[in-house]
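Novice: Take a look at this one; I'll ask things after.
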Amino acid sequence: MLKYILPLILFIVLAVFLALGLNLHPNEIPSPLIGKPAPAFSAPKLQAPAEKLSQTDLKGKVWLFNVWASWCASCRSEHPILNQLAQTKAAIIVGLNYKDDPEAALGWLAQLGNPYDVSIMDQDGRIGIDWGVYGVPETFVVDKQGLIRYKHTGPVTPEDVQQTFLPLIAKLQAEN
Amino acid sequence: MKRLSIILLLVLSGMARAGVEYREFASPEQQQAYENLTSELRCLVCQNQTIADSNAELAADLRRQVYEMLQQGKSKQDIAQFMTDRYGDFVLYNPPFKLKTGLLWIGPVMFLLIGLIAVFLFARRKKTAATVEMSVEQQQKIRSLLEKGDRS
């Protein structure tokens, strides 16, 4: 009897492991920054390079930090969803224009619409390194205390907005 | 013609060099530290390459970061810490032993042990199967047959 059951058990174990493996996302690396203060930055604004924005300017507000670039193909698919999210006015959306040409970036916003309350420039990628950015687009949610509460890697989908972002933002807006 | 093409190739070879990063180090130790670090840090874009191997832009930025930190006199530990603070243990090719990485370190030993136990059990079962056990009745039958044979 065991002779027949043992291969079956082995097969089930193997099948379970393989099935789990199919649903893993090895490209999504959990960020060690969750629950930590947002890394400090002070960077020129894309639309007004003479002015700078720092993370302290956003204290007391719930904000999204979206890493984007005009050279990034998946940012293009994400863009309309960000535009819709911006219309809900649920939270401030700050863009990090990552390793981009300012002119190309401004052209992109003029063409596709601008969901960002403000975009800052990170032409040499240093702010990106501080935030642990390894793939564009990435989206962080920062609470009123300035703590990073969530990180999304890859383009945000409408389901992500409905199921994750909006509920989380509502919860953080209710916090003091 | 041959001479001309050699000259042309020599002139053009400078362009090939332009793609290689040129770094100056204060000491051979610092260069060694740079080489060790860049070959121990994972490029997060192309996850099976070190940042020394990878041509991805992020890898180039991280190499620059390592270089600058070494120039500032930071130790290897400082730099490894800087990277794990931002990218997690995954950035290290040699991750520390923790609860989360436990399976990674113990896994191979565990599988080796399971394999050895399986081989041991299998070998023992084979051995016992070789000796055929007989019931009391069978033994009596053999004995009676042998005795019959003796009489005739």
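Novice: Does region B:85-102 hold any residues that are outside any loop (DSSP other than H, G, I, E, B) and either among the aromatic types (Phe, Trp, Tyr) or farther than 18 Å from A:Arg126 by Cβ (or both), and which are they?
Specialist: Applying the first criterion (outside any loop (DSSP other than H, G, I, E, B)) to region B:85-102 yields B:85-87, B:89-92, B:102.
Correct list: B:Tyr87, B:Asp89, B:Phe90, B:Leu92, B:Gly102.
Novice: What are the residues in region A:77-128 that are within 14 Å of chain B (Cβ to nearest Cβ) and among the β-branched types (Val, Ile, Thr), if any?
Specialist: A:Ile127
Novice: Which residue pairs have Cβ atoms closer than 8 Å, lie 6 or more positions apart in sequence or on different chains, and pair a first residue in region A:1-16 that is in contact (Cβ under 8 Å) with a residue 12 or more places away in the chain with a second residue that is surrounded by 10 or more Cβ atoms within 10 Å (Cβ to Cβ) and assigned to a helix (DSSP H, G or I)?
Specialist: Listed pairs, sorted by first residue: none to list.
Novice: Further question: Which one is nearest to A:Ile127 (Cα to Cα) among residues in region B:69-84 that are out of contact with any Phe, Trp or Tyr (no Cβ under 9 Å at 6 or more places or on another chain) and assigned to a loop (DSSP other than H, G, I, E, B)?
Specialist: Here the residue is B:Gln72.
Novice: From the residues in region A:69-80 that are in contact (Cβ under 8 Å) with a residue 60 or more places away in the chain and loosely packed, with under 15 Cβ neighbours inside 10 Å, which one is nearest to A:Lys99 (Cα to Cα)?
Specialist: Filtering first and then ranking leaves A:Ser74.
Yes/no per residue for (1) at pLDDT below 95; (2) crowded, with 22+ Cβ neighbours inside 10 Å; (3) within 24 Å of B:Glu68 (Cβ to Cβ):
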| residue | (1), (2), (3) |
| --- | --- |
| A:Leu82 | no, yes, no |
| A:Ala90 | yes, no, no |
| A:Ala104 | no, no, no |
| A:Pro115 | no, yes, no |
| A:Val118 | no, no, no |
| A:Val136 | yes, yes, yes |
| A:Arg149 | no, no, no |
| A:Gly154 | yes, no, no |
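Novice: Can I ask one more? Go through region A:94-132 and report how many residues are over 20 Å from A:Leu33 (Cα atoms) and β-branched (Val, Ile, Thr).
Specialist: 2
Novice: I need every pair where a residue in region B:72-87 that is free of Cβ contacts under 8 Å to residues at least 60 places away in the same chain has its Cβ under 8 Å from the Cβ of a residue that is surrounded by fewer than 15 Cβ atoms within 10 Å (Cβ to Cβ) and of a type outside the set (Phe, Trp, Tyr), sequence separation at least 6 or different chains.
Specialist: Cβ pairs passing all conditions: B:Lys76/B:Asn36.
Novice: For region A:26-38, how many residues meet the condition of being more than 8 Å from chain B (Cβ to nearest Cβ) and in contact with a Gly (Cβ under 9 Å, 6 or more places away or on another chain)?
Specialist: So the answer is 3.
Novice: Scan (1) assigned to a helix (DSSP H, G or I); (2) within 14 Å of another protein chain (Cβ to nearest Cβ); (3) of a type in the set (A, V, I, L, M) for the single condition A:Val133 breaks and write down its number.
Specialist: So the condition that A:Val133 fails would be (1).
Novice: Being surrounded by 13 or more Cβ atoms within 10 Å (Cβ to Cβ), more than 20 Å from the chain's Cα centre (by Cα) and basic (Lys, Arg) narrows it down to one residue among B:Arg3, B:Arg64; which is it?
Specialist: One residue alone meets the criteria, B:Arg64.
Novice: All but one of (1) closer than 14 Å to A:Val67 by Cβ; (2) away from every other protein chain (no Cβ under 14 Å); (3) surrounded by fewer than 22 Cβ atoms within 10 Å (Cβ to Cβ) hold for A:Pro158; state the number of the condition that does not hold.
Specialist: Going through (1) closer than 14 Å to A:Val67 by Cβ; (2) away from every other protein chain (no Cβ under 14 Å); (3) surrounded by fewer than 22 Cβ atoms within 10 Å (Cβ to Cβ) one by one, A:Pro158 breaks only (1).
Novice: Only one of these conditions is not met by A:Phe65: (1) touching a residue at least 40 places away in the same chain (Cβ under 8 Å); (2) within 14 Å of chain B (Cβ to nearest Cβ); (3) among the aromatic types (Phe, Trp, Tyr). Which number is it?
Specialist: That leaves (2) as the condition not met.
The values are calculated or read from the model by the stated rules, or taken from the named source; none is laboratory data. Bear in mind the structure is a predicted one, so any value in this text is a computation, not a measurement. Cβ atoms come from the backbone with ideal geometry, glycine included; neighbour counts cover every protein chain shown.
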